[in-house]
1. Go through region 118-136 residue by residue and tally those that are part of a loop (DSSP other than H, G, I, E, B) and either in contact with an Asp or Glu (Cβ under 6 Å, 6 or more places away or on another chain) or surrounded by fewer than 18 Cβ atoms within 10 Å (Cβ to Cβ) (or both).
2. Which residues, taken from region 288-332, are small (Gly, Ala, Ser) and either at positive phi or assigned by TED's automatic domain parsing to the domain that holds His122 (or both)?
3. Among the residues of region 375-392, are any within 23 Å of Thr24 (Cα to Cα) and surrounded by fewer than 17 Cβ atoms within 10 Å (Cβ to Cβ)?
4. Read through the list (1) in contact with a Gly (Cβ under 8 Å, 6 or more places away or on another chain); (2) modelled with pLDDT under 90; (3) buried (at least 21 other Cβ atoms within 10 Å of the Cβ), then give the number of the only condition that Leu199 fails.
5. Tell me the residue from Asn210, Asn191 that is closer than 26 Å to Ala87 by Cα and outside the structural domain of Met344 (by TED's automatic domain parsing), please.
6. Based on this model, can you work out whether Lys164 counts as surrounded by 17 or more Cβ atoms within 10 Å (Cβ to Cβ), among the basic types (Lys, Arg) and either at pLDDT 90 or above or assigned to a loop (DSSP other than H, G, I, E, B) (or both)?
7. Tell me the strands (runs of 3 or more DSSP E) entirely within region 343-390 that contain at least 2 residues that are over 21 Å from Val327 (Cβ atoms).
8. Within region 304-330, track down each residue that is part of a loop (DSSP other than H, G, I, E, B) and of a type outside the set (Val, Ile, Thr).
Amino acid sequence: MAIRKLTNLSIKTRPIILCGGSGTRLWPESRRNFPKQFIPVLKGKTLFDLTLERLKNIKNTLTPIIITNEKYKYLIKDSLNLQNFNAKIVLEPIGRNTTAAIYIASKITAKNENLLIMPSDHYIGDNTLFVKKINEILRQDNFKNWITFGITPNHASTSYGYIKLKNKHVKSNLFEVERFIEKPNKLKANNFFKSKEYLWNSGIFIGNANMIENSIKANSPQIAKYCDIVLKNVILSKSKSEYSFNLKDFKDIPSISIDTSVIEKSTNILCAHINCQWNDIGSWDSYFKCFPQNKKRKVIQVNSKNNYIKSNNKLIATVGIENLIVVDTNDAVLIAKTGLEENMRHLITSLEKKQFLELTENNFENRPWGKFENILVSKKLKIKKITVNPKSRLSKQFHNFRSEHWFITEGKAIVFKDGEKKKLRKGQSIDIPKKTVHYIENYTQKILTFIEIQMGTYFGEDDIIRIEDIYDRK
């Protein structure tokens, strides 16, 4: 397959959105199967939604490429559909950090395209200022260099990497980079902040696709080598908008960040300075700074102060506590002291050792047709609340180990059962015996919800034997 073709068109910019991070430092809200970029944070919008909105104001751009884990495919598609946004999606079978993602992006674009590489899970408070700076840089012709974006620090943070600047190019308003510094200790962070000579490293880059490819080949040849192997066997969807790869080959790619493998070694680096509100939302402390909780939430505090409390449904009451973070979800609660975000790593390690499913899975799961939420799980019974989007349907399937009973709570449905179709509405129900071929369809423009009661000896999702699926799942 020809991965790249030269083009005679004027040079345009291809946004590359990195959307594969697991965001476990925001546990229990963010989990590996539902990471922080997909959590609603602002008026029902996610960080990924806000990233897409930002792109709409960047000038002269081509269809974006979103690089993500294949397990997030339908979460991505939901956001794209919601915003009527067109994009190409690169589906990684396993995460291999940012160098591999950026190299693959450089290979599936035209040589003379400029790539705007940005994470999907950062918060930028002043979109106007940020977009203005991006557009200003894109009007220049400096893309034989890596252009990185540095943020003016507003406090002495130990959570971010830093960039020390040197000579400024007056015409281009870009700085040469003296060096990159990994996350510093408190003393160094204070010195950096006071000196005014350092910027936070945002992880946002611009560069020519050909330059980026050659830079990664020169500085990290093993990553380039194994990425080239997986690209030889890339699987393109019928629409040529989705790229999939062989898992066995993908595992051979070294997992290294672009900063470590390339940026810190390269000499062709320039830095654009942006003075705007920016946060990578890498901890609950930073989350609450960006998204203060609504005062109408169900929280009562008595003789308590400086607490940050997030609850979706439950009433939370406190007495005589201070400087705590409390995050309540349906199946887990985090209680932590403020300012101890680095200790989250130790917590995640402990959860991994204990093999708690709550680290990776939620009690709900998004599907291409909607979502389900587990209400009760026992050895012989499982109860779900299932929501089906308008004009959507589940796959035609059967189960070997369980029977099901469906009770409609909202909307109207068509149920297919052993070759016959039946319409159901709110308050009506139907039994689906074991091994019965079935599906349910929402044929209306309104949401359909129903309660599914499963009875049997095994309730795993792998007991869904699909006969026909409009979403091409196995």
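The values are calculated or read from the model by the stated rules, or taken from the named source; none is laboratory data. All values reported here derive from a predicted model rather than from experimental measurement. Backbone-built Cβ (ideal geometry, glycine too); neighbour counts: all protein chains shown.
1. Start the filter on region 118-136 by keeping residues that are part of a loop (DSSP other than H, G, I, E, B), which leaves 120-122, 125-126.
Next, only the ones that are either in contact with an Asp or Glu (Cβ under 6 Å, 6 or more places away or on another chain) or surrounded by fewer than 18 Cβ atoms within 10 Å (Cβ to Cβ) (or both) stay: 122, 125-126.
Of the residues in that region, 3 qualify.
2. Filtering region 288-332 down to residues small (Gly, Ala, Ser) leaves 304, 311, 317, 320, 332.
Result: Gly320, single match.
3. From region 375-392, those within 23 Å of Thr24 (Cα to Cα) are none; that's our starting set.
No; the residues of region 375-392 include none that is within 23 Å of Thr24 (Cα to Cα) and surrounded by fewer than 17 Cβ atoms within 10 Å (Cβ to Cβ).
4. (2)
5. On the way: Asn191 fails: closer than 26 Å to Ala87 by Cα.
Only one candidate passes the filter, namely Asn210.
6. Numbers: surrounded by 17 or more Cβ atoms within 10 Å (Cβ to Cβ): yes; among the basic types (Lys, Arg): yes; either at pLDDT 90 or above or assigned to a loop (DSSP other than H, G, I, E, B) (or both): yes.
The answer is yes for Lys164.
7. On the way: elements: 364-367, 370-377, 381-388.
In region 343-390, 370-377, 381-388 are the strands (runs of 3 or more DSSP E) which contain 2 or more residues that are over 21 Å from Val327 (Cβ atoms).
8. Initial filter on region 304-330 (part of a loop (DSSP other than H, G, I, E, B)): 304, 306-307, 312-315, 320-321, 323, 329-330.
Across region 304-330, the qualifying residues are Ser304, Asn306, Asn307, Asn312, Asn313, Lys314, Leu315, Gly320, Asn323, Asn330.
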